[in-house]
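S.K.: Sharing a structure below in structure tokens format, with a few things to ask.
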Amino acid sequence: MTISKNPKKIQELFDVIAEKYDFNNNIISLGLHKTIKFLSLKNLEIKNGAKILDECTGTGDITGLIKKINLDVEITGIDFSRNMLAGAKNKFPSVTFIQADCTNLPFDNETFDIITMTFGLRNIEDYNKALQETFRVLKSGGEFLHLDFGEKNFFSKIFDTLVPPLIKLFYGKNLPYAYLLESKKEFPTPDKLIEIFKSHGFKLKCRKDFLFGIISSQIMQKP
């Protein structure tokens, strides 16, 4: 089955789930998602004074974790869900958050030293355009961290089985998360993603898998 990723519908979906997004992430990840994000960020070279862009920032978790690693950085978080950004601004008032589209970034060429995107590319209809824009605004020698679901293995199938009843129990309905699980199934595996990233000019710096491969991070570099 091919699911629709019409930008307007995706935007509406995330506006709907924004209020309980953090709570549900804690439930479906058994509280591990922040640890995984932090460990992924630790593989970046986050230097003093770095300019960092967090794409698909959601409620801003990545921006807060980066600040824990290095306070002396300039972080901008973008998302096209107004409700998600409202949550991010409430949690991290010192961070700059902008409502923007990853396929049409409002920044000059080679603006950022580091760009991060966690659990976001999977929800973008034209992710090739998003990657073109990411490459464009990243400085030469800069790093792009991508983190999302990984291998479609036995453990991934267990995850897919457990999530719907958990969400229904705590969320009341599971329609939005039914979409998220379907998008997970259709998303390229980490090996295929790395080849896609390379086709856009990136080179692989490192890859790290978590939870038996259910989650995977790739750090790509712009030559």
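S.K.: Can you list residue pairs whose Cβ atoms sit under 6 Å apart, with the first residue in segment 192-204 being on the phi < 0 side of the Ramachandran plot and in contact (Cβ under 8 Å) with a residue 12 or more places away in the chain and the second being hydrophobic (A, V, I, L, M, F, W, C) and part of a helix (DSSP H, G or I)? Count only pairs 6 or more apart in sequence or on different chains.
M.R.: Partner pairs satisfying both residue conditions: 200/131; 200/135; 204/194.
S.K.: For segment 87-100, state whether one or more residues are farther than 17 Å from residue 220 by Cα, out of contact with any helix residue (DSSP H, G or I) (no Cβ under 9 Å at 6 or more places or on another chain) and of a type in the set (Lys, Arg).
M.R.: Yes, that holds for at least one residue.
S.K.: Let me ask you something else. Do we have residue 97 as more than 14 Å from the chain's Cα centre (by Cα), buried (at least 20 other Cβ atoms within 10 Å of the Cβ) and either within 26 Å of residue 22 (Cβ to Cβ) or of a type in the set (D, E, K, R) (or both) here?
M.R.: Values: more than 14 Å from the chain's Cα centre (by Cα): yes; buried (at least 20 other Cβ atoms within 10 Å of the Cβ): yes; either within 26 Å of residue 22 (Cβ to Cβ) or of a type in the set (D, E, K, R) (or both): yes.
Yes: the conditions hold for residue 97.
S.K.: If you check residue 125 against the conditions, is it in contact with a Pro (Cβ under 9 Å, 6 or more places away or on another chain) and not in a strand (DSSP E or B)?
M.R.: yes
S.K.: Kindly indicate whether residue 219 is outside any loop (DSSP other than H, G, I, E, B), surrounded by 20 or more Cβ atoms within 10 Å (Cβ to Cβ) and at pLDDT below 95.
M.R.: no
S.K.: Can you list the helices (runs of 4 or more DSSP H) found entirely within segment 1-118 that contain at least 1 residues being at pLDDT 95 or above?
M.R.: Those helices (runs of 4 or more DSSP H) span 33-41, 61-69, 82-91.
S.K.: Suppose we filter 85, 105, 13, 71 for residues that are touching a residue at least 24 places away in the same chain (Cβ under 8 Å) and either among the aromatic types (Phe, Trp, Tyr) or closer than 26 Å to residue 205 by Cβ (or both); which single one remains?
M.R.: None of the others qualify; the one that does is 105.
The values are calculated or read from the model by the stated rules, or taken from the named source; none is laboratory data. What you see is a predicted model, and the numbers here were worked out from it, not measured in a lab. Virtual Cβ from ideal backbone geometry, glycine too; neighbours counted across all protein chains shown.
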